[in-house]
Amino acid sequence: MSERGSKHDMSQGSGKAARVSRRSLLKGAAAIGTAAGTSVIGAPMIWAQEIKDITLTHIGVSYSVVQAIGDQAQKDLGFKVVMQNLDTSAALTRFITQPKSVDIPDLEGWQAKVAVAHGLVQGIEVKRIKEFDNMLPIFTKGEYEGKKVSRQGISPYEAMYVETKDATKIVEGVHDYMTMLPQVYNCDSLGYRPDLVDHPVVQWKELFDPKYKGKAAILDVPNIGIMDAALACESRGDIVYKNKGNMTRAEIDTTINALIALKKAGQFRATWTTFEQSVELMASGEVVLQSMWSPAVTAVLAKGIPCIYAPVNQRPDGKEGYRGWCNGMGLMKHLSGKKLDAAYEYLNWYYSGWQGAFVARHGYYSPVPKTAEKFMDANEYGYWYLGKPAADVIKDPYGAPIAKPGAVRDGGSFIERFTNISCWNTVMDENQYMIQRWNEFKAA
Amino acid sequence: MVPARTRLTLQVLPLVVVLLVFFVFPLLIVLAVSFFHYDDMGMKPGFTLENYAAVLDTGLTYRLYWSMIKFAVMTWACTLVIGFLVAYFLVFHVRSKLIAIGLFLVCTVPFWTSNIIRMISWLPLLGKQGLINSALVGTGVIHQPLQFLLFSDFSVVVSYVHIFTIFMIVPIFNTMSRIDRALFEAARDAGLSRLQTMLQVVIPLTRNGIALGSIFVVTLVMGDFYIVKVLSGGGRASILSAVYDDISTLLFPQAAAQSVFLIIIVMLMVGIILRVVDVRKELVDRQ
């Protein structure tokens, strides 16, 4: 999880981001004085004068806390936004040890649980979130069109609500305060080379198929690698888990033993930990099938090498499905007064559409697709959100072409993908035991 | 006039302060944390031996040490042979001192780029579609690419040897160049063959450098995290990768206990090396 962020995105982004910030600096002074009345949020002039000295520090992983997004927010809102990237554990350590140095912590479900339990964050008032009612019920109610979204692992809904502003306990059901505001999410799957794999892959068990001996790879981030392995074990019929996101010791043993047996038989060419490694493994032909992240598939495609993100829709017997993840924004406890108001403006800005369109071009999604749609053309929105064939060339956020007319996004529309989630990124109760067994797999 | 003793103290003081602040103090914190309690994503000050028990109680720890010690020994053997021969050549076979120093500098040229680049440069060479495999397949020597070349113990040791040999060359070169050349004549007069001279004169006189080089190489391998990870394709875990995995889910006390244990083991290894060669005594004797 920690290094998902992809230097790929970032290095392409930095040049553009620098340009954006230079431009925004020039415009900054003017924007604060004159544009306040016409800004996205329509704030009054006095407000604009009062907030111009405010600085918000947003800290988290690079695929969620993005410089270009912060620059745009700063331009639209008139106060300063500082984006800092740390990997998942370093970020959480920072929130705990230096809480005053952070304003907006980037939180995944499990981090939100830790943050609330440690009293690091204050509840976000639901009624101050303008687009709350337009948020997908996947997040607000844990369901979509009457169908319950998987609760294996920590679904965003599961870690979403607290009863009061100062609560230190997450509660079930919809309440007036939120622990974090979801802002970017996606679901992960297997990636494969269609030129080297002779049939479409739609099941996780292919990862363990001896056909791909010495040509498969799995990701070596224990918390999520174990879930990819569990999906494959379940798909192969080894075991039915009660909860892949919170396994018992016996379930962990079954999963790790299967991995060790496969490793000894030479199934895995490698394991990978960073975005770049997964791209290199796939592009160089060292592996033909592996667990993968969406932008990595795009990066392989951008090298002119065919790569497909396997659509692993859930089956009636409960097998298969994606591993979902979601990052949100919290409000640190120390925020108050004008700074808290500014933080709420910042949170609301994320749902105003610009950010939703930006992350969509990476292959990620916004919880409020309705506003994102306004910032994309019909072709883009159709391709990224609705799973329609591209009518024209599709470009990434920095303008590089990544799909030809007629191409269809793997896995279809975001609704199709998200109603097919099997489990969510998590940290298990038996985490310590799991990490130890995972290391045994690596040392085997 | 300041007394010699005070002067010495003043000279040593800056280094002592730096070591205290940046080495001893952080180490004490790690030591303290290794005794803390852990529960539910947080650590609580206290005193428990649970973390050490967790580290020592699993076969995993021993397997990790076994695999890293294996790497350390293989790397040490290769770097020793290569490092010794290179140093020997530079000191005794290159007549001009200037050229010797020039060639010595050439040995350090790879260090002008970063460790990571030197390590990663092995990937396109050893890969399935890498230079060696394509050459062998292209010339018809083999039909299937050799898988063991990359993401294996082999590739890990190759990279270690590549990156760490210089740490062997430098101290051996240093001690070797202080050997009095008249000893060679004396050896020849005494009727020693070239091999005997090497075994009975050169090696004993360079053991100081060999010991220092060995300490560098062994500690570097034992403390490695990244080379083993990348060049084994994630297929081999190291002691530090276990520590890293602990830290990534905030299991700080256990990570600290594992680290303290590693320090003890590496100190023992260094102790054994120093037991064989008393570097300190020899350095003092020289003066």
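The values are calculated or read from the model by the stated rules, or taken from the named source; none is laboratory data. Values in this document were obtained by computation on a predicted structure and should not be read as measured data. We place every Cβ from the backbone using ideal geometry, glycine too, and count neighbours over all the protein chains shown.
Key figures
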| item | result |
| --- | --- |
| Qualifying position, being outside any helix (DSSP H, G or I), touching a helix residue (DSSP H, G or I) at 6+ places or on another chain (Cβ under 8 Å) and hydrophobic (A, V, I, L, M, F, W, C), among B:172, B:116, B:166, B:142 | B:142 |
| Exclusive hit being assigned to a helix (DSSP H, G or I), touching a helix residue (DSSP H, G or I) at 6+ places or on another chain (Cβ under 9 Å), in contact (Cβ under 8 Å) with a residue 60 or more places away in the chain and within 13 Å of chain A (Cβ to nearest Cβ), set B:159, B:155 | B:155 |
| Extreme residue, surrounded by the most Cβ atoms within 10 Å (Cβ to Cβ), among residues of the stretch A:401-444 that are among the β-branched types (Val, Ile, Thr) and more than 14 Å from chain B (Cβ to nearest Cβ) | A:421 |
| Residue within the stretch A:374-393 that is modelled with pLDDT of 90 or more and within 14 Å of chain B (Cβ to nearest Cβ) present | no |
| Qualifying residue in the stretch B:38-45 (condition: modelled with pLDDT under 95, within 30 Å of residue A:113 (Cα to Cα), hydrophobic (A, V, I, L, M, F, W, C) and part of a helix (DSSP H, G or I)) | no |
| The one condition in (1) within 13 Å of residue B:162 (Cβ to Cβ); (2) modelled with pLDDT under 90; (3) among the hydrophobic types (A, V, I, L, M, F, W, C) that residue B:92 fails to fulfil | (1) |
| Number of positions in the stretch B:44-95 that are in contact with a strand residue (DSSP E or B) (Cβ under 8 Å, 6 or more places away or on another chain) and either of a type in the set (D, E, K, R) or surrounded by 19 or more Cβ atoms within 10 Å (Cβ to Cβ) (or both) | 3 |
| The stretch B:227-256: number of residues that are more than 23 Å from residue A:262 (Cβ to Cβ), under 18 Å from the mean Cα position of the chain (by Cα) and at the interface with another protein chain (Cβ under 9 Å from one of its Cβ atoms) | 0 |
| Number of the condition not met by residue A:250 [criteria: (1) within 14 Å of another protein chain (Cβ to nearest Cβ); (2) assigned to a helix (DSSP H, G or I)] | (1) |
| Unmet criterion (only one of (1) touching a Lys or Arg at 6+ places or on another chain (Cβ under 9 Å); (2) surrounded by fewer than 18 Cβ atoms within 10 Å (Cβ to Cβ); (3) more than 14 Å from every other protein chain (Cβ to nearest Cβ)) for residue A:289 | (2) |
| 2 or more residues over 30 Å from residue B:245 (Cβ atoms): qualifying helices (runs of 4 or more DSSP H) within the stretch A:79-154 | A:137-140 |
| Search result, residues across the stretch A:223-245 that are out of contact with any helix residue (DSSP H, G or I) (no Cβ under 7 Å at 6 or more places or on another chain) and polar (S, T, N, Q) | A:223, A:243 |
| Every residue from the stretch A:62-104 that is within 14 Å of chain B (Cβ to nearest Cβ) and buried (at least 21 other Cβ atoms within 10 Å of the Cβ) | A:88, A:91, A:92, A:95 |
| Check on residue A:167, assigned to a loop (DSSP other than H, G, I, E, B), assigned by TED's automatic domain parsing to the domain that holds residue A:70 and modelled with pLDDT of 90 or more | yes |
| Only one of B:227, B:210, B:215 that is crowded, with 19+ Cβ neighbours inside 10 Å and within 30 Å of residue A:218 (Cβ to Cβ) | B:227 |
| Some residue of the stretch B:215-226 being within 27 Å of residue B:161 (Cα to Cα), under 14 Å from the mean Cα position of the chain (by Cα) and within 14 Å of chain A (Cβ to nearest Cβ) | yes |
| Test: residue in the stretch A:206-226 that is within 14 Å of chain B (Cβ to nearest Cβ) and among the polar types (S, T, N, Q) | yes |
| Residues satisfying the stated conditions in the stretch A:133-182, i.e. of a type in the set (Phe, Trp, Tyr) and touching a residue at least 40 places away in the same chain (Cβ under 8 Å) | A:139, A:144, A:177 |
| The stretch B:192-214 - residue that is of a type outside the set (A, V, I, L, M, F, W, C) and closer than 21 Å to residue B:168 by Cα and, of those, farthest from the other protein chains (Cβ to nearest Cβ) | B:200 |
| Total residues in the stretch A:53-68, condition under 13 Å from residue A:350 (Cα atoms) and either in a strand (DSSP E or B) or free of Cβ contacts under 8 Å to residues at least 40 places away in the same chain (or both) | 1 |
| Test: residue in the stretch B:21-35 that is within 14 Å of chain A (Cβ to nearest Cβ) and touching a strand residue (DSSP E or B) at 6+ places or on another chain (Cβ under 8 Å) | yes |
| Test: residue in the stretch B:126-138 that is under 13 Å from residue B:231 (Cα atoms) and assigned to a helix (DSSP H, G or I) | yes |
| Those residues of the stretch A:263-280 which are under 19 Å from residue B:150 (Cβ atoms), crowded, with 19+ Cβ neighbours inside 10 Å and more than 8 Å from chain B (Cβ to nearest Cβ), in sequence order | A:267, A:274, A:278, A:279 |
| Test: residue A:342 is outside the structural domain of residue A:160 (by TED's automatic domain parsing) and either in contact (Cβ under 8 Å) with a residue 12 or more places away in the chain or touching a Gly at 6+ places or on another chain (Cβ under 8 Å) (or both) | no |
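Residue-by-condition table, conditions (1) hydrophobic (A, V, I, L, M, F, W, C); (2) under 23 Å from residue A:112 (Cβ atoms):
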{"position": "A:333", "(1), (2)": "no, yes"}
{"position": "A:345", "(1), (2)": "no, yes"}
{"position": "A:387", "(1), (2)": "no, no"}
{"position": "A:391", "(1), (2)": "yes, no"}
